[in-house]
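Accompanying notes for the structure given below.
What follows is calculated from the coordinates using simple rules that are stated; it is not laboratory data. Since the model is a prediction, treat every value here as computed from it, not as a measurement. Cβ atoms come from the backbone with ideal geometry, glycine included; neighbour counts cover every protein chain shown.
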Amino acid sequence: MKPLVAVAPGTRVVLGVSFFVLFVAVWAAVTFGGLVPKIFLADPLQMLRSGWVLLTQMGFAHDIGMTLWRVVGGFVLAALLALPLGILMGAYKPIEAFFEPFVSFARYLPASAFIPLLILWVGIGEAQKLAVIFIGSFFQLVLMIAVIVGNTRRDLVEAAYTLGSSDASLVRRVLIPGAAPDIAETLRMVLGWAWTYVIVAELIGASSGIGHMITDSQALLATDQIIFGIIVIGLIGLVSDLLFKWLNRRLFPWAQLGR
Amino acid sequence: MNKTILQARGVERRFDATLALQATDLDVAENDFITILGPSGCGKSTLLRIVAGLDRQTAGEVMLDGRRIDGPGADRGMVFQSYTLFPWLTVLDNVCFGLRERGLPRDQQLDIAHSFLLKVGLKGFASHYPKQLSGGMQQRTALARALANTPRMLLMDEPFGALDHQTRELMQELLQGIWEAEQKTVLFVTHDIDEAVFMGTRVVVMSARPGRIKLDRVVPLAHPRHYAVKTTPAFMALKAELTEAVREEVLAAQRASEATSGAAPP
C-alpha cells in the first residue's frame, strides 16, 4: 500500500463487501458461540426470522413507508426554503449579514430538544415529525449553501462581467450553476442527518414508523427486532445515498472531470 | 495615425497606504496593439483592470470613445491569465455566453460561436468541457469568447503566462494573425519582452512601484509578422533597449522590497 494511490474498481467492491461479511461473521461468532446472552443480542438468523415476521404479519412495511415519507417530506420542505435563502445569502452580503448570526445560532439548537415543545404546539401528529426534521436540516442547509455560493471563483465573476452580465444574470448564470454540484452534494449529506432525526422523533409520541417499532420492541426485550429495524434504516440510507450520487453524476457530468 | 479611442488621464490607484499606480496618462488609437511591460507589482495589471472597469481608480479618469468608464462592460472583452472558462458550459456555450447576455437568438449565437471557434482552431472541440482541454486550448476558447462579443477593445492580462514556451509562441502567432485579420484594438499586459515586441505595435514600459509609464516605443516592424522576425536586427535592438529599461525597474523593485523587509533573515 502506498499513500493516496487509487484502488482498482473491482478490488474496491471486494474490499467493501468483505468488511460486511467480516462484521456479520463476528456477530454470528459471539452469538452462536454463547459469548453474549441472547437477551442482550440476538443472533443473525433470529434477527432475519423476526424481520420476516415483522414484514409479513405485523405490518412493518407500513412503518417503513411512514418513516420514509416523514424523512422525505421534512427534508424536501427544508430544502425548498433553504435553497433560495442560502443562495441569496451567498450572493448578497447584506442579506448574509442579516441572517447569518441567527442561523449560526439556530443550527446548534438540537432538533431533538424541540420535541417536547413541538408536541405542545402541534400535537403528536405528522406535523410534529416533519417539524423535527425541518429544524434539524433547514439551518444546516442554509449555512452550507450560503458558503458554497459565496465561494464562487472571483475570476469567473469578473469574466462574466466583462462579457456583459448584469448583477441578476451573474447570480442566475454563474453563481447558481457553478455552485449546483456542491449544493447537491450537501443535500445528500444532510439527508443522511435527517434519518437520525426522524428516528428520534418517532421514539417519542409516535404510533407508527421504524422508531416506534424499536421502542415497542424494547419493552418486549426483542433485540432481534430492534437490530432488524436498525439494519433497515441503514439499508435505506445506503440506497438513497447511492441514488443521490448517481443522480448528481448524471446532472453534473462536468463536475466529475479531472477528479 | 488612427483616431484615439481610449484616453487615460491622471489615473492613480492607491491601496490604503501604498500607491500602486501613479498619475498615468495613456492614449490608445484605433487598431493599436499596445503591450505593457514591467516588473511584477508595478501596477500594469491594475491599469488594465481599471480600463476593464474591474478595479476603480482613486484619481483621474479613463474615457472610451469619449465616455467615462465606470464599470465593466461587453465593449471591453478580457482574457485573463487564469483559466476563466465556465466549467459547467461546453466550449461552444462558453463562446455563446456573451451573445446570450445580449439576447441574440440561439441560431445566430451558434453561427457566430462556430465561426470564432474555427478562427482559433477549435472546430472539433465545440462539445468538450473546459476541463477536457489543455491550457492553450482553454485560452484559445477564452479568446474566441471575448472576440465573439465584437468588443471595442480587447484587454489581455498575461493571457499566455501559464502556458509552456512552445504553446505560448504558437498562441502569439495565432493572436497576431487574428489581430491582423480583425483589426482589433488591444491592450496586452506581459512580463515577457520577446512577446511584447513581437505582438505590439507600441510597447510601454512601467516603472517599479509606484507604477508610472517610463518608456513608450513604437515597434518598427512591418505586418504581417512571421516568427522569424524575432531574429532581425530591428527586433534585437528594441529588445535590448527594453531589456535594459525593465531590468533597471526589477532591480529597483528588489531594492525597495529589501528595504521594507529590513532585517529579515536571508
**Asked** Taking R0 as 30 Å, what's the FRET efficiency between residue B:256 and residue A:83 from their Cβ-Cβ distance, rounded to 0.05?
**Response** 0.05
**Request:** Starting from the Cα of residue A:216, step 7 Å toward the Cβ, then list every residue of the range A:48-71 with an amide N under 16 Å from that point.
**Result:** A:50-68
**Message:** Could you compute the longest span of chain B free of trypsin sites (Lys or Arg not before Pro) located in DSSP loops and having at most 11 other Cβ atoms within 10 Å, not counting the site residues?
**Reply:** B:57-266
**Prompt:** Distance in nm between label sites at residue B:15 and residue B:194, each 7 Å beyond Cα in the beta-carbon direction?
**Reply:** 3.0 nm
**Request:** At 0.36 nm per residue, minus the direct Cα-Cα distance, what do residue A:48 and residue A:35 gain on full extension? Give it in nm, one decimal, please.
**Result:** 2.7 nm
**Prompt:** Given the rule -39500 (n - 2.57) for each run of at least 4 DSSP H residues, summed and divided by the residues of the protein assembly as shown, what is its mean residue ellipticity at 222 nm, to the nearest 500 deg cm²/dmol?
**Reply:** -19000 deg cm²/dmol
**Fill in**
Under the rule rounded for a/c under 1.5, else prolate if a/b exceeds b/c, else oblate, using alpha carbon gyration tensor axes a ≥ b ≥ c, the protein assembly as shown is classed as prolate
**Message:** Given an 8 Å cut-off on Cα distances and at least 6 residues of separation, report the relative contact order of chain A as a percent.
**Reply:** 24 percent
**Message:** Could you tell me how far the Cα centroid of the range A:40-93 sits from the Cα centroid of the range B:35-100, in Å?
**Reply:** 50 Å
**Request:** Would you work out if the range A:92-230 is rounded, prolate or oblate? Take a ≥ b ≥ c from the square roots of the eigenvalues of the alpha-carbon gyration tensor; rounded if a/c is under 1.5, else prolate when a/b is larger than b/c, oblate otherwise.
**Result:** prolate
**Message:** Just to verify a number: FRET efficiency for residue B:183 and residue B:104, C-beta to C-beta distance, R0 = 22 Å, to 0.05?
**Reply:** 0.50
**Asked** Angle between the Cα long axis of helix B:165-182 and the longest principal axis of chain B, 0 to 90 degrees, nearest 10?
**Response** 70 degrees
**Asked** So how strong a dipole does the protein assembly as shown carry about its Cα centre when Lys and Arg Cβ are +1 and Asp and Glu Cβ are -1, to the nearest 20 debye?
**Response** 380 debye
**Complete:** Per the charge dipole of chain A (beta-carbon charges, Lys/Arg positive, Asp/Glu negative, Cα centre), the residue among A:36, A:69, A:149 reaching farthest to the positive end is A:149
**Complete:** In whole Hz, the Karplus estimates of ³J(HN,Hα) for the range A:242-254 (6.51, -1.76, 1.60; θ = phi - 60°; x where Gly or Pro) are 5, 4, 4, 4, 4, 4, 4, 5, 5, 6, 10, x, 5
**Asked** Each residue of the range A:81-92 in turn: what ³J(HN,Hα) in whole Hz from Karplus with 6.51, -1.76, 1.60 and θ = phi - 60°, glycine and Pro shown as x?
**Response** 8, 6, 4, x, 5, x, 5, 4, 5, x, 7, 10
**Message:** What is the angle, in °, between the Cα long axis of helix B:233-261 and the longest principal axis of the Cα atoms in chain B? Nearest 10 is fine, range 0 to 90.
**Reply:** 60 degrees
**Prompt:** In the neighborhood of residue B:225, defined by Cβ-to-Cβ distances under 11 Å, what is the net charge if each Lys or Arg adds +1 and each Asp or Glu adds -1?
**Reply:** -1
**Request:** Run down the lysines and flag those whose C-alpha is under 23 Å from the C-alpha of residue B:214, throwing out any fewer than 8 positions away in its chain.
**Result:** B:44, B:239
**Item:** Cβ charges +1 (Lys, Arg) and -1 (Asp, Glu), total dipole of chain B, debye
**Value:** 300 debye
**Prompt:** Does chain A come out rounded, prolate or oblate by the C-alpha gyration tensor, with a ≥ b ≥ c the root eigenvalues, rounded set by a/c under 1.5 and, if not, prolate when a/b is larger than b/c and oblate if not?
**Reply:** oblate
**residue B:223-residue A:127 pseudo-label distance in nm [points 7 Å out on the Cα-to-Cβ vector]** = 7.4 nm
**Item:** Max mean-square fluctuation residue, GNM over chain B, Cα-Cα springs under 10 Å, options B:199, B:63, B:78
**Value:** B:63
**Message:** Starting from the 7 Å offset along Cα-to-Cβ, what nm value, one decimal, do you get for the label separation of residue B:231 and residue A:58?
**Reply:** 9.0 nm
